1. If I model a spin label at His511 and Ile454 as a point 7 Å from the Cα along the Cα→Cβ vector, what separation in nanometres do I get?
2. Give Lys190/Lys321; Lys156/Lys355; Lys388/Lys444; Lys426/Lys490 a once-over and call out the pairs whose C-alpha atoms are over 19 Å from each other.
3. What is the dipole size for the range 427-531, taken about its Cα centre, with +1 at each Lys and Arg Cβ and -1 at each Asp and Glu Cβ, in debye to the nearest 20?
4. So for the pair Asp102, Asp220, with labels modelled 7 Å out along Cα→Cβ, what separation do we get in nm?
5. Whose amide H sits under 5 Å from the amide H of His397, counting only residues 5 or more places off or on another chain, with H placed in the peptide plane?
6. Restricting things to alpha carbons, tell me how big the range 55-174 is in terms of Rg and Dmax, in Å.
7. For the range 162-347, build the charge dipole from Cβ charges (+1 Lys, Arg; -1 Asp, Glu) around the Cα centre, then report which of Val176, Ala222, Phe299 sits farthest towards its positive end.
8. Mind checking which aspartates and glutamates have their C-alpha under 13 Å from Lys352, skipping anything on the same chain fewer than 8 residues away?
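Bear in mind these aren't lab numbers, they're just calculated from the coordinates by the rules spelled out. If you're wondering where the values come from, they're calculated on a predicted model, not measured in any experiment. Counting neighbours? That spans all protein chains shown, and the Cβs are built from the backbone with ideal geometry, glycine included.
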Amino acid sequence: MNKAMMILTMGLVVLLSGCMGENADYDPAAEYRGPINYNTFDIRSTYTAGSPNTTSDLGETNEEYATFTENVFIHAESMSVSTFSIDVDTASYTNVRRMLFDNIWPNPYAVRIEEMINYFDYGLVAPTGDDVMSIHTELSRAPWNPDHQLLMVGLKTEDIEFDDAPANNLVFLLDVSGSMGQPNKLPLLKQAMKLLVDQIRPQDRISIVVYASATGLVLDGADGNDQEAIIEAIDNLSAGGSTAGAAGIQLAYQTAMNHFIEDGNNRVILGTDGDFNVGVSSDSALEELIVEKRESGVFLSVLGFGTGNLKDSKMETLADKGNGVYYYIDNLLEAKKVFVEELGGSLVTVAKDVKLQIEFNPANVKGYRLIGYENRLLDYDDFNDDTKDAGDMGAGHEVVALYEIIPATSDEVIDAFEFEQPEELKYDGTNFTEELMTLQIRYKDPESSMSDLIEDVVFVAEETEMPSEAFRFASAVAEFGMLLRDSEYKGESSYVTVIDRATAALGEDEHGYRSQFISLVQQARALIEED
């Protein structure tokens, strides 16, 4: 670990200790025990942009990111089960892309590896029949550590043609304060909205609420036949004044309820740079409001814009609480990806509160490490608790998770952590020689409060020396994320191996996103070499 990262880590421990109040004796190792929701700590990190080994000459920024500690290897006999919520947000990837192409080294807390992986399409097989989602598993060697295995778990929801999707009741809640006046903020947001307007149907409803020094209802429930009126309302938006969003968010939810569509998609879409004073009594009160409204069937998604004062941590939390998705829009092509190419996944929820629980077989697994998802970890008991909130998947969404595995035959030593392993999970020495792990997934129909369960098993014999194109590309993205974080577990990772593997797994690359990823890795490598 280099000196800068060591100082950062020590500072994090001190920060955590100071933020925990009555838990002043907080043990950092406890973060890996499962029942941790980092958002409840309300930890924020303001950073100075720069390269990984310096505190930088590129200037200060007021951007804020929730802190986390990287997942470690868990001894399978001590705790054989890993439980987490899925994450379909992609904001981290586009935000990191923006930073690197602006010659700024990303804040390590901005690098959420699961969001980087899930930015891309992997061509997973869609479910058939009445199934809501399909499961894809694959096992091979870990490219950055040939003594380890890498397990890929992928979920794919049913594809729904947008023309056949339920009617949409969309309320745009737009920040038009002075800070949104920059070209990459409100002007870009207006362009993005126009792309969406081109897709709406007569049965869809669009409303626009704005907030700055004052709050107003600019457009009230226009339908798809009123495109001229919708475009005119968008064109008339301008930025100015201070920011106070309390009345705005209340008005947005009230407008959504006024036009509520039974069995439809009722959603508030917040567009902001995040630099707003919500005015409710506190951030926690705002979160409570969003949770209350999602129970009524109105979900919240968040679009982040701009640089310098991006409140990433707040926007991620709001989308999470609102059963929505958090996107960061850095250019018009990204807006096209969200509102044209992936419109079903962006707007139509087909499975909510999706949770995964994997039980590793200690007979074949000595240790395991979930790559990413640090702020999505759940307790063992949360899996069967249908009141526990988790992530949601839209139509055609894909979610990929990667586990790095230390085989049971390895002599490698894993640091011991104390876990409260449930009695029914304690390993009794039974040698299930064929099984590597069992996978359980819980999810709910969007209109239901009770979950369904699906299961799968991965066998030791499934390991392959020739992994799929999807596996190779996902592993390249994960390796790149570990390099950006200067991960303790990056092993033999290098920018050259990332570029080579991603290039070999380029595939058809219809929209050029994988090619752009390779350019992004080359940009990061160039910044490192210049340092």
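1. Result for the modelled spin labels: 2.3 nm.
2. Checking Cα-Cα distances, Lys190/Lys321; Lys426/Lys490 exceed 19 Å.
3. 360
4. Label at Asp102, label at Asp220, 3.9 nm between them.
5. Hits under the 5 Å cutoff: Thr157.
6. My reading of the Cα-based Rg and Dmax gives 19.2, 57 Å.
7. Result: Val176.
8. Straight-line reach from Lys352, under 13 Å: Asp87, Glu295, Asp320, Asp386, Asp389, Asp392, Asp445, Glu447, Asp452.
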